[in-house]
Amino acid sequence: MPRGDIKRQTPTQDVPSADRTPERTRKPRARFLVVLAALGPGLLAALAGNDAGGISTYSMDGARFGTAILWIIPVMTVFLIVVQESAGRIAAVTGKGFSALIRETFGVKPTTFAMGALLIANTVVMFSEFAGIAAGMEIFGISRYVSVPLAALLVFLLVLGGSYKRVEKILLAVSCIFISYVAAGIMAGPDWSLVLHDTFIPQIPSNSTFIYMVISTIGTTIAPWMIFSASNNVVDKGVTVKELGLQRIDSVTGAVVADLIAWFIILTTATVLFPNGITIESASDAAYALVPIAGQYSGVLFAAGLVSASALAACMLPLTTSYAVCEAFGWERGIGHTWGEASEFKTLYTAIVVVAAVVVLIPNMNLLFIMLVSQFINGVLLPVLLVFLILIINNKHVMGRYVNGRIYNILSWATVAIVIALTVALLVTMFIGR
Amino acid sequence: MIYLSQMLGISVVDTAGEKLGTVSDLAISAGEVFPRITSMAFRGPGKTPFMISWRKYVADFDDARINLNVSAADVRFSYLQSDEILVARDLMNKQIVDTQGLKIVRVNDIKLSVSHNQLRLLGAEVGSRGLLRALSPHLENVAVAVGKFFKHPLEERIIAWNYMDLLDRDLSEVKLSVTHRRLHELHPADIADILEQLDPQQRASMFEHLDNSQAAEAISELEDEYQADVLDDLTEGRASQVLAQMDPDDAADIIGDLPYHKAEQLLRLMGVEEEKAIRALLGYQEHTAGGIMTSEFLAVDEGTTVDEVIEQMRALDEDHEPVHYVYTTTPGDTPDAPPHLTGVVSMRRLVLARDDDRLGNLAFHDLLTANPDDDQEDTAETISKYDLLALPVVDEDGGLLGIVTVDDAFDVLEEEHDEDLALAGASRDDDEDNTWMVFFKWFMRREIWFAVWVAVIVFSALTGNLTTWLGAILFMPLVLLVADDVATYAINDLIDDDEAQGSLLRLLARDASVGAVVGLIAVSVCAAAMGILDNANALGDSDPYVVSAIVNSIVPTALTILLTLVAGVLLADFARRRKDKGHVVSNAGMATVTMLCAVVLQILVSSAATAVVGLGA
């Protein structure tokens, strides 16, 4: 095996090589194509971020607070761009994933902490993906005892069977159903001047749960696993320093598109559900927001979207997790390998899927409690990872001349500071009791 | 041998005992096969980094400190040279290409080989043991013990330095992979040290790069346990050539350890003379003077002149054992018998004597000798006590058979010393003697079922299913013990082909009754607890919850036992197939898996039963 091949052992080895060395012709049309080719991983990662947890959180935001909560979207977009761009940049400059860099910069102990926390947190996020699939399928009248094992088996076979890339596109296409929120939001006829005002002028309603909702919204949008996913995708694609500009475009568009959809989801539920005083208790409540465009089929539409968004995340999440863990500990990884070659990778992947599916099905399981634990772990993990990220990106030995500039650094530390402050606030409310 | 993780952070102390700082890194020069540590970086007070030459300043070191050979004032600091690599900074935690296995792996630790006060970088540890060690050495010990228990020993995975290639872009100019041609620059004893620490595959490929005489010397220097393995890996032609190059006593030692047909094959491939010499030595018992003696010595008739002896010495092979003494003899009683030993002439006497002196006149006649059946340790001690360079071995008639040289005597003393230590209980494998580990092993071997039971109770309590599964849990010891029996029986009967200890039925009857008793005790404790609670609540009629749980569990439990038997047989069959494929099957592992199956079966069966009863009602 030539060395070049060894180096690019990644989940997607079939990335067309044309992506790697784009011809920089001066023709505007060709340039446009290059930019289009650059869009991809970032967009995918960001869209997969709008999973079951994301959609239910956004829906609840709008239903409970109306348009008053819209202002967090622009703020969150800035955070998301900073984090995703940083993750992409370290990967492009070093050719290594985020977990590899944590290991090489901070050694075994911090890595083990980060990977252990990531593993637990992501397994718990997987619960919510399977719960999302179960909720969606129950709208179709299918029992969770049938849908969840089936979904787990499908996820397992699709990804490890190697046909994940094709299926990924299908799932992505189906989860674009959520773009229907754009149409639904517009058709619901909101008061546009109020919407604009609420989007850009922050306000804090005198509601005790508001802060809590803001925190969980940020938590689902900037999830730890997305940092790993973003950097892995860049390594995977073989982006080098030369293509850093395109990489940035990808990161920014991904963040903006994902948040735009989130913005429309909030807008829709704020317009349809909030005035009627409907708070969301179940998936079918959330689906009611789509009535303006889908009428009686809104439930089906919502369920299809929820199931495919959850399935997409359910595929990507264990993949990203086991990839990151294996990269940190130097185990063979990638779905292209046989079980014998990459046993740790495949075992981890299988274990996450199986444990998540089994736990969701255990009778009397307090899923809500587990979700809280998950939020707690994610909350502790996120600031730690962000600090790791900033320390790595400012390390000259690692990044050479691509370290952060001063303004960017201020922005990054501000992000970390706000996330830490919010996390502490979340933990305090969790312990003192809301 | 030692690991980098153990070196980092230890104190650097000068001759006056003053602490200069703590070790932060070691530097090697990249061009060598197994590179020596050339300099050491340490952090002084206030985290100031310093770098000094290892060769010049390090006197010795142990687990806790590095002693310098000068006082702090006389140390000259140096800088990192362009061909040097900092091991902790540039290698630890980094990805490397295992050029032999063609895989990317991550360096979890660096293995160093110690000879005197010199350190060589042997290779990178890329296995899980390095990871565990980095977390905590205790964790590594526990993992190793558990691995041993389940018969899947946790091996080290070392990638030899000459098979690795750095991936890092910054260091790509530093050429790591060096050709094996430099290997011959090392001393055979150093080569042997290194060979012992490599895995067989790497060892074999290193031998391809040694010529026969280097290979012979290196093999002689290896510990006994590796010699036969190494020889086994060589082709027969090569092996016999290498053996012929060795001193006959070393060769005989190794051949003595080989299987009979293999030994014969190798001997037949050799030259007549070497074969004869080795065969002569093979006749003696191991661990006796005869077993360690060599037939390469210089013996002449008493009438020989000094001139003639020197002439004979000139004619000796280059690889002949060093001649420290010339022995004088008179012809034996029969032509076949060995010549009688009469005296010994030391090299010094020989050199100082006149050319025409007769050896018989120069010789020292009051001789210390050994018998071929003498214990090797006594022989070695004689050599050590009288400061001899060699001791002649003679038969009952005084015929000279061979000599035991001082280097072989040292090997014997070292070996016996280790054995004595082991007998005294100071085993080198210290985790064997850890009382906690012994207890753990005993417990695990005997009472896995209890651990599984407790785990199930904890799990069901955590998931809030304790009351739902109460009946199943109360009868679980019964099912678990049955599962254990099935596993044990299957292992003994199907896999080891041993005579089973009694029939399965008797075994089952015995342990099932134990399980039933434990279950009943659990039931009564549970019922008593419920009763107390009920009384405390002052409810009139007590809730027959426990009773109904028990009654409802009897049939499912019986069903589960039957299913467990079936599952046990299937598992045993699976295990046997694994064993046929060459995998190791562990008794404990098999028992654990069978028990887990039993647990799942029981919970499934009793849930199903509850559902059916619920529907019926």
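Of the residues B:Val105, B:Val33, which is assigned to a strand (DSSP E or B), touching a residue at least 12 places away in the same chain (Cβ under 8 Å) and closer than 27 Å to A:Gly330 by Cβ?
B:Val105 is the lone residue from the list that is assigned to a strand (DSSP E or B), touching a residue at least 12 places away in the same chain (Cβ under 8 Å) and closer than 27 Å to A:Gly330 by Cβ.
Considering only region B:351-359, I want to know if a residue exists there that is under 26 Å from B:Phe410 (Cα atoms) and within 48 Å of the chain's Cα centre (by Cα).
Checking region B:351-359: not a single residue is under 26 Å from B:Phe410 (Cα atoms) and within 48 Å of the chain's Cα centre (by Cα).
For region B:188-218, which residues satisfy the criterion of being at pLDDT 75 or above and out of contact with any helix residue (DSSP H, G or I) (no Cβ under 7 Å at 6 or more places or on another chain)?
B:Asp211
Would you mind stating whether A:Leu267 is touching a residue at least 60 places away in the same chain (Cβ under 8 Å) and more than 30 Å from B:Gly130 (Cβ to Cβ)?
In short, yes.
Mind checking which helices (runs of 4 or more DSSP H) fall wholly inside region A:261-337 and carry at least 2 residues that are within 29 Å of A:Ala117 (Cα to Cα) and not small (Gly, Ala, Ser)?
Ranges flagged: A:298-329.
How about region B:259-278: which of its residues are over 28 Å from the mean Cα position of the chain (by Cα) and either assigned to a loop (DSSP other than H, G, I, E, B) or surrounded by fewer than 15 Cβ atoms within 10 Å (Cβ to Cβ) (or both)?
Within region B:259-278, B:Glu264, B:Gln265, B:Arg268, B:Met270, B:Gly271, B:Val272, B:Glu273, B:Lys276 meet the criteria.
For B:Leu20, are the conditions met, namely being closer than 25 Å to B:Glu125 by Cα, surrounded by 14 or more Cβ atoms within 10 Å (Cβ to Cβ) and in the same structural domain as B:Leu121 (by TED's automatic domain parsing)?
It is false that B:Leu20 is closer than 25 Å to B:Glu125 by Cα, surrounded by 14 or more Cβ atoms within 10 Å (Cβ to Cβ) and in the same structural domain as B:Leu121 (by TED's automatic domain parsing).
Which one of B:Val393, B:Val412, B:Val345 is closer than 19 Å to B:Met313 by Cα and crowded, with 20+ Cβ neighbours inside 10 Å?
After ruling out the rest, the residue left standing is B:Val345.
If only one of B:Gly256, B:Gly360, B:Gly291 is buried (at least 20 other Cβ atoms within 10 Å of the Cβ), part of a helix (DSSP H, G or I), in contact (Cβ under 8 Å) with a residue 12 or more places away in the chain and of a type outside the set (A, V, I, L, M), which one is it?
B:Gly291
Please go through region A:103-114 and pick out each residue that is over 16 Å from A:Ser322 (Cβ atoms) and either more than 9 Å from chain B (Cβ to nearest Cβ) or in a helix (DSSP H, G or I) (or both).
Scanning region A:103-114 gives A:Glu104, A:Thr105, A:Phe106, A:Val108, A:Lys109, A:Pro110, A:Phe113.
Could you please give the count of residues in region B:44-85 that are more than 38 Å from the chain's Cα centre (by Cα) and either closer than 22 Å to B:Ser29 by Cβ or part of a strand (DSSP E or B) (or both)?
5
If you go through region A:84-91 one residue at a time, do you hit one that is assigned to a helix (DSSP H, G or I), at pLDDT 85 or above and within 13 Å of A:Ile218 (Cα to Cα)?
no
Determine, yes or no, whether B:Glu321 is assigned to a loop (DSSP other than H, G, I, E, B), touching a Gly at 6+ places or on another chain (Cβ under 9 Å), surrounded by 13 or more Cβ atoms within 10 Å (Cβ to Cβ) and acidic (Asp, Glu).
no
Based on this model, can you work out whether B:Ile96 counts as assigned to a strand (DSSP E or B) and within 14 Å of chain A (Cβ to nearest Cβ)?
yes
Looking at region B:179-186, can you tell me whether even one residue there is modelled with pLDDT of 65 or more and in contact with a helix residue (DSSP H, G or I) (Cβ under 9 Å, 6 or more places away or on another chain)?
yes
Among what's in region B:132-156 and is touching a residue at least 40 places away in the same chain (Cβ under 8 Å) and within 11 Å of another protein chain (Cβ to nearest Cβ), pick the residue that is nearest to the chain's Cα centre (by Cα).
This residue is B:Arg133.
Identify, please: which residue in region B:108-131 is farther than 16 Å from B:Leu8 by Cα and part of a helix (DSSP H, G or I) and is, among those, farthest from the other protein chains (Cβ to nearest Cβ)?
Filtering region B:108-131 for residues that are farther than 16 Å from B:Leu8 by Cα and part of a helix (DSSP H, G or I), the one farthest from the other protein chains (Cβ to nearest Cβ) comes out as B:Arg129.
Quick one: which residue in A:Ile293, A:Ile280, A:Ile261 is over 30 Å from A:Thr111 (Cα atoms), crowded, with 18+ Cβ neighbours inside 10 Å and modelled with pLDDT of 85 or more?
Going through A:Ile293, A:Ile280, A:Ile261 in turn, just one is over 30 Å from A:Thr111 (Cα atoms), crowded, with 18+ Cβ neighbours inside 10 Å and modelled with pLDDT of 85 or more: A:Ile261.
The values are calculated or read from the model by the stated rules, or taken from the named source; none is laboratory data. Everything numeric in this text was worked out from a predicted model, so none of it was measured. Positions of Cβ are generated from backbone atoms using ideal geometry, with glycine treated the same way; all protein chains shown enter the neighbour counts.
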